[in-house]
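A short write-up of the structure that comes next.
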Amino acid sequence: MADTMQFDLVSPERSLASVPVREVRLPGNDGDLTAMPGHAPAIVTLRPGMVVLVGADGTTREFAVTGGFAEINADSISLLAERGHPREEITQEVFNDMMKDAQRVHRNATERREHVGEEVVTAAVKLMGDMQALGTHIGLDPNQSTVPD
């Protein structure tokens with residue numbers, strides 16, 4: 001079994017990473033998971049959170065994602081993020097913008113509850129909670145961004 005696997009992270013704006021890694025920690029919708037070389041094939045839906053890469057030399061890199069999905073194979077992982085940023089680029093201003101997007105989704109789901117159903121509203125509430133947890137984890141204030149009603 002190889003010691004590393006290829007990891008590629010792409011967001012709509014740009015390619016964020018294309019590197020060999022020993023492991024990747026992912027914020028899965030159904031729970032966090034770690035993928036390593038030899039992992040069984042899987043497609044994982046992501047929730048907002050931190051993607052942590054452990055390089056061949058043991059160094060780590062972190063990326064904040066707002067969701068997306070990852071295709072895991074024995075020798076590679078391809079992650080397509082809804083929105084993603086290297087940890088060092090996440091300022092309060094960038095995070096506020098990410099929170100405003102989540103707040104819009106929540107507000108729209110709540111206002112259209114009878115048309116979209118409770119499952120969509122519940123997913124929007126979970127999205128808000130995950131985004132708040134992401135900000136708190138990074139050391140940012142999730143309460144600074146509010147969308148006017």
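Laboratory data are not the source of any read-out in this text; all were calculated from the coordinates shown. These numbers come from a predicted model, not from an experiment. Positions of Cβ are generated from backbone atoms using ideal geometry, with glycine treated the same way; all protein chains shown enter the neighbour counts.
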- For the range 52-57, in residue order, the Karplus 3J(HN,Hα) values (coefficients 6.51, -1.76, 1.60; θ = phi - 60°; whole Hz; Gly and Pro = x) are 10, 9, 10, x, 4, 8
- Quick calc: nm separation of the 7 Å Cα→Cβ label points for V10 and T60 -> 2.8 nm
- Message: Residue by residue through the range 24-40, what is 3J(HN,Hα) from phi via Karplus (6.51 cos²θ - 1.76 cosθ + 1.60, θ = phi - 60°)? Round to whole Hz and write x for glycine and proline.
- Response: 9, 9, 10, x, x, 4, 9, x, 5, 8, 10, 10, 9, x, x, 4, 5
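Can you tell me the length gained on complete extension of the stretch V94 to E119, counting 0.36 nm per residue apart and subtracting the Cα distance? Each step should come with its number before you reach the end.
On the way: separation 25, 0.36 × 25 = 9.00 nm, distance 2.85 nm.
Full-extension gain reported as 6.2 nm.
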- Enumerate the amide H contacts of S11 below 5 Å, restricted to partners 5 or more residues apart or on another chain; note that Pro and chain-start residues carry no placed amide H. L16, A81
- Query: Using the Cβ atoms and a cut-off under 15 Å, what net charge is assigned to the surroundings of D141, where Lys and Arg are +1 and Asp and Glu are -1?
  - Reply: -1
- Neighbourhood charge, 14 Å Cβ-Cβ cut-off, centred on A102 and excluding it, Lys, Arg +1 and Asp, Glu -1: +2
- For the range 5-86, what number results from the quotient of the Cα radius of gyration and 2.2 N^0.38 Å? 0.94
- Query: So what J values fall out for the range 110-121 if you push phi through Karplus, 6.51 cos²θ - 1.76 cosθ + 1.60 with θ = phi - 60°, rounded to Hz, Gly and Pro as x?
  - Reply: 5, 5, 10, 3, 5, 9, 9, x, 5, 4, 5, 5
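Ranked from highest to lowest mean number of other Cβ atoms within 10 Å per residue, what is the order of the peptides 81-91, 17-27, 37-47, 63-73?
On the way: 81-91: 16.2, 17-27: 18.2, 37-47: 14.5, 63-73: 20.7.
Descending mean neighbour count gives 63-73, 17-27, 81-91, 37-47.
On a full-extension model of 0.36 nm per residue, what is the gain between T110 and Q144, subtracting their alpha-carbon distance, rounded to one decimal in nm?
Values: separation 34, 0.36 × 34 = 12.24 nm, distance 2.12 nm.
Taking T110 through Q144 to full extension adds about 10.1 nm, to one decimal.
About the Cα centre, and with charges only on the beta carbon of Lys, Arg (+1) and Asp, Glu (-1), how big is the dipole of the range 1-64? Nearest 20 debye, please.
Values: 5 positive and 8 negative charges, 16 e Å.
In total the dipole reaches around 80 debye.
Using +1 on the beta carbon of Lys and Arg, -1 on that of Asp and Glu, and nothing else charged, what's the dipole of the chain about the Cα centre, debye to 20?
Dipole size: approximately 140 debye.
Exposure proxy check: V116, V54 ranked by fewest other beta carbons within 10 Å? Walk me through the numbers before you get to the answer.
Values: V116 15, V54 18.
The fewest-first ordering by Cβ neighbours comes to V116, V54.
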- Expressed in nanometres to one decimal, the distance between label points 7 Å along Cα→Cβ at T45 and N73 is 2.4 nm
- Among A56, S18, N29 - extreme Cα towards positive end, dipole of the range 1-100, charges at beta-carbon: N29
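Report the rotationally averaged projected area of the chain based on its alpha-carbon convex hull, in square nanometres.
On the way: hull surface 36.9 nm².
Computing the convex hull of the Cα atoms and averaging its projections yields 9.2 nm².
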- Message: Can you compute the radius of gyration and Dmax for the range 90-138, using only the Cα atoms, both in Å?
- Response: 11.8, 36
- Task: Sum up the charges of everything whose Cβ sits under 13 Å from the Cβ of E93, counting Lys and Arg as +1 and Asp and Glu as -1, but leave E93 out.
- Result: -2
